[in-house]
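Down below is the structure, laid out as structure tokens.
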Amino acid sequence: MIERQEDRVLKAFTGLEGGMVASGSTCGVVTGGALGLALMHDNVLKERGIAAEVAVLSLIGEYIRWFEESFGSSFCRERSGVDFYTTMGQLRYFLPGDRVGKCLWHIRGAMRQLHIYQEKDLPGMGLEPKEIQSEPIHCAQAVLRGIRDRTGIGDPLLERLSFIFDGGVGLQGGICGALAGAVMGINLLLGMDIRDTSYFQTLKAFVVGHINLLLEKPIGEPEPFGVGKSVVQRFRKEAGATECHTITEKAFSDWNNFQGHISSSDKCTGLIELATTEASNAIKRLI
């Protein structure tokens with residue numbers, strides 16, 4: 001729709017399928033849509049900086065609320081009703097086909113909605129940067145920058161647009177931005193180059209990835225799901241959850257409310273460091 005091919009960013013998003021490495025959190029259709037909205041307004045983001053980020057987060061929040069009202073939930077586990085980390089869960093998702101079919105239907109609906117959003121103006125653009133703290137903290141961005149500093153693996157556009165994960169994607173309490181940053185950082189190395197991958201290569205990667213979700217020791221070469229699963233499990237063990245609203249025990253009313261929390265939270269600072277370390281160590285083992 002926007003005539004841009006940001007293949008490296010798409011590669012980083014490989015692991016967001018199934019609610020973050022199929023862990024059931026925020027649906028990949030939601031996070032993918034959030035990225036799409038940011039790309040639609042990238043010129044404004046470059047021109048207006050923080051004020052535009054605030055406006056895009058507001059638009060993403062509106063998109064997520066539409067998604068929830070239309071499809072019942074923005075969490076994969078609640079919409080699909082399956083656990084991809086079990087054999088029975090995977091079988092039920094694919095057979096007899098009603099649940100995977102529902103996901104395809106939701107992708108269709110989301111794309112139609114995002115097409116409508118192309119005509120929408122950004123809300124709240126009267127907010128001037130001077131009314132906002134000059135150096136905001138973005139959890140996913142902090143992790144991605146940390147990974148780049150420690151491993152040399154990074155992407156400037158992905159880092160710049162990763163503010164979309166603030167407060168659990170558009171301040172809506174979903175997947176933690178620190179965990180999202182870790183998974184995306186790993187997939188800058190391991191993710192799929194969609195436009196250069198054949199149908200059969202895609203199918204093979206999909207099958208191997210979902211098999212690895214079920215195994216203690218992944219088979220084959222390192223790939224997004226086998227590597228990502230261990231990072232998600234380690235993060236959940238330390239944080240107690242993968243969702244921002246559960247980790248912080250807060251529902252953020254607006255951008256300033258989130259920034260007030262993230263700038264003073266020792267727990268969030270610790271989780272940013274944990275996510276950066278786990279992802280960086282995983283990447284170092286691969287390069």
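The values are calculated or read from the model by the stated rules, or taken from the named source; none is laboratory data. The model shown is predicted, which means the values in this text are computed figures rather than measured ones. As a convention, Cβ positions derive from the backbone with ideal geometry for all residues, glycine included, and neighbour counts pool all protein chains shown.
Restricting attention to segment 1-28, which residues are surrounded by fewer than 23 Cβ atoms within 10 Å (Cβ to Cβ) and among the β-branched types (Val, Ile, Thr)?
Ile2, Val9 - these are the residues of segment 1-28 that are surrounded by fewer than 23 Cβ atoms within 10 Å (Cβ to Cβ) and among the β-branched types (Val, Ile, Thr).
Could you say which residue among Leu39, Leu45 is within 15 Å of the chain's Cα centre (by Cα), touching a residue at least 24 places away in the same chain (Cβ under 8 Å) and outside any loop (DSSP other than H, G, I, E, B)?
Testing whether each residue is within 15 Å of the chain's Cα centre (by Cα), touching a residue at least 24 places away in the same chain (Cβ under 8 Å) and outside any loop (DSSP other than H, G, I, E, B) leaves just Leu39.
Can you tell me which residues in segment 192-225 are out of contact with any Leu (no Cβ under 8 Å at 6 or more places or on another chain), surrounded by 12 or more Cβ atoms within 10 Å (Cβ to Cβ) and part of a helix (DSSP H, G or I)?
Correct list: Gln201, Thr202, Lys204, Ala205, Phe206, Val208, Gly209, His210, Ile211, Asn212.
Of the numbered conditions (1) under 20 Å from the mean Cα position of the chain (by Cα); (2) assigned to a helix (DSSP H, G or I); (3) surrounded by fewer than 21 Cβ atoms within 10 Å (Cβ to Cβ); (4) at pLDDT below 95, Val54 fails exactly one; give the number of that condition.
Evaluating Val54 over (1) under 20 Å from the mean Cα position of the chain (by Cα); (2) assigned to a helix (DSSP H, G or I); (3) surrounded by fewer than 21 Cβ atoms within 10 Å (Cβ to Cβ); (4) at pLDDT below 95 leaves (3) as the failure.
Out of Phe75, Phe84, I need the residue that is of a type in the set (Phe, Trp, Tyr), at pLDDT 95 or above and under 17 Å from the mean Cα position of the chain (by Cα). Which one?
Just one listed residue meets the conditions, Phe75.
Across segment 172-223, what is the number of residues that are among the β-branched types (Val, Ile, Thr) and either more than 27 Å from Ala140 (Cβ to Cβ) or free of Cβ contacts under 8 Å to residues at least 40 places away in the same chain (or both)?
Summing the residues that are among the β-branched types (Val, Ile, Thr) and either more than 27 Å from Ala140 (Cβ to Cβ) or free of Cβ contacts under 8 Å to residues at least 40 places away in the same chain (or both) in segment 172-223 gives 6.
So, in segment 246-287, of the ones that are of a type in the set (Asp, Glu) and in a helix (DSSP H, G or I), which residue ends up nearest to Thr151 (Cα to Cα)?
Step by step, filter segment 246-287, then rank; the result is Glu278.
Identify, by number, the condition in (1) touching a residue at least 12 places away in the same chain (Cβ under 8 Å); (2) closer than 26 Å to Leu171 by Cα that Leu104 doesn't meet.
Exception for Leu104: condition (1).
Would you point out the residue of segment 139-163, among those that are crowded, with 24+ Cβ neighbours inside 10 Å and in contact with a Ser or Thr (Cβ under 8 Å, 6 or more places away or on another chain), that is farthest from Tyr63 (Cα to Cα)?
Taking the candidates together, the pick is Ile147.
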